[in-house]
Amino acid sequence: QNTDQSKFRQLGTELPTPNTYRTASGAPGESYWQQRVDYDIKVELDDEKQKIKGTEMITYFNNSPHPLTYLWLQLDQNLFDEESDTYSTRQSTMTERMTLRQLDGFTPTFDGGFKLDFVKDATGKDLKHAVVKTMMRIDPSSPILPGGKYTFKIKWWFNVVDRLKLGGRSGYEYFAEDKNYLYTIAQFFPRMCVYDDIDGWQNKQFLGGGEFTLV
């Protein structure tokens, strides 16, 4: 009900104007391009402390015609950070009977989110970066030119959530009778956002109730 429902509204989203990047049918045009990312990930699950830690080497290929002065990454696990916008935007009501999961929605108590040990370039030099909730911006020392590539390294860890208490599509479930944990892990590493000719960088915050494009 908050979208434009006028019969005379612009149809840019549904039917974008054809150009050299894409045809009227939506098929790639003669100038179409798409970015590429290679990930080299080493990850470890700590079954004693319910933590995941890892390092990743990311190589970003700039196939666009634009020089890129910064990069954006998605930090999905920051959805569970105590400062996450998810808690401040979530609608809740108080009832006579409340579950622990419902109460956590009012005042987060779980120490979630990515803990970044370092963000370095390929030579081991610290990279200038800024974490903005579920996003991280990295500023290379020089622009990544069209046709060029850039390699950097991230070391990180995070506490795995108890899915029965906090929900989400990733976490663990503890089986008391067997005294063991079942893990269903997703969104476990920092990953590159999409850069395209329509919106540039897709750097919207991840609030848990939607999806997003990645590369």
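Using C-alpha pairs under 8 Å with a sequence gap of at least 6, the mean separation divided by the residue count of the chain gives a relative contact order of 23 percent.
Remark: region 62-67, residue by residue, has Karplus-estimated 3J(HN,Hα) of 8, 8, 7, x, 10, x Hz, where x stands for each Gly or Pro and the curve is 6.51 cos²θ - 1.76 cosθ + 1.60 at θ = phi - 60°. Residue pairs exceeding 21 angstrom between C-alpha atoms, taken from LYS125/LYS204; LYS49/LYS120; LYS51/LYS115; LYS51/LYS165; LYS49/LYS115: LYS125/LYS204; LYS49/LYS120. Gyration tensor analysis over the Cα atoms of the chain returns equivalent ellipsoid semi-axes of 35, 26, 15 Å (largest first, whole Å). Of the peptides 119-128, 61-70, 186-195, the order by per-residue mean of other Cβ atoms within 10 Å, starting with the highest, comes out as 186-195, 61-70, 119-128. The phi-based Karplus calculation (6.51 cos²θ - 1.76 cosθ + 1.60; θ = phi - 60°) puts the 3J(HN,Hα) values of region 43-53 at 9, 9, 9, 8, 6, 7, 10, 6, 10, 10, 9 Hz, whole numbers, x for Gly and Pro.
Every number here is computed from the coordinates shown, using simple stated rules; none is lab data. What you see is a predicted model, and the numbers here were worked out from it, not measured in a lab. Please note: Cβ atoms are built from the backbone with ideal geometry, for glycine as well, and neighbour counts cover all protein chains shown.
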